[in-house]
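The values are calculated or read from the model by the stated rules, or taken from the named source; none is laboratory data. What you see is a predicted model, and the numbers here were worked out from it, not measured in a lab. Because the Cβ atoms are built from the backbone with ideal geometry, glycine has one as well, and the counts that use them run over all protein chains shown.
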Amino acid sequence: MSASRVLLVGSSGGHLSQLLALEPWWRDRERLWVMFDTPDALSLLADERVEWAAHPTTRNLPNLVRNTRLAWRLLRRERPDVVVSTGAAVAFPFFVFARLRRIPTVYIEVYDRIDSATLTGRLCQPLTSLFLVQWEEQLKCYPKAIVVGNLL
């Protein structure tokens, strides 16, 4: 997938680590990150363009609304060529609006959920242009996914 402007969306922690592992792909592209303002993200993304998403996202309706507004605003303003995410819940509103705007999306299922699908993976899969998994075993949950191997 050729893209010059990339929007990388994810939670901090392992989700961020997996997106950072894609650096050979995104390093020469114009990029914007959407991340939580946690100590690891603040440190690891210190030299990057970042928009801070509201967290926590689990069972938090006000933050879902905030992140939905953020997704709408950023996709209209930034006009990325592709949205890439490893989850978690913060990805969903970005995938919804990317789909509506016909912006391709790439979802990479996390490496630590081998035997069951994540909620975000289940929600984003129908909206995703390219759905990737890191383990062959994950194909049981996502039969149409493409196995890319472990990012970490």
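Okay, here's what the table says:
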quantity: Residues within the stretch 112-133 that are in contact with a strand residue (DSSP E or B) (Cβ under 7 Å, 6 or more places away or on another chain) and either over 16 Å from Phe94 (Cβ atoms) or of a type in the set (Val, Ile, Thr) (or both), tallied; calculated: 5
quantity: Pick from the stretch 47-68, criterion loosely packed, with under 12 Cβ neighbours inside 10 Å and among the basic types (Lys, Arg), ranking: farthest from Ala145 (Cα to Cα); calculated: Arg49
quantity: Output for the stretch 31-47, where each listed residue is over 16 Å from the mean Cα position of the chain (by Cα) and either part of a loop (DSSP other than H, G, I, E, B) or under 16 Å from Val83 (Cα atoms) (or both); calculated: Thr38, Ala46, Asp47
quantity: Residue ID - modelled with the lowest pLDDT, chosen from residues in the stretch 2-13 that are farther than 16 Å from Phe94 by Cα and surrounded by fewer than 18 Cβ atoms within 10 Å (Cβ to Cβ); calculated: Ser2
quantity: Flag for Ala41 being more than 22 Å from Phe131 (Cβ to Cβ), of a type in the set (A, V, I, L, M) and either buried (at least 21 other Cβ atoms within 10 Å of the Cβ) or touching a residue at least 24 places away in the same chain (Cβ under 8 Å) (or both); calculated: yes
quantity: Looking only at the stretch 84-140, and only at residues there that are among the aromatic types (Phe, Trp, Tyr) and in a strand (DSSP E or B), the one that is surrounded by the most Cβ atoms within 10 Å (Cβ to Cβ); calculated: Tyr107
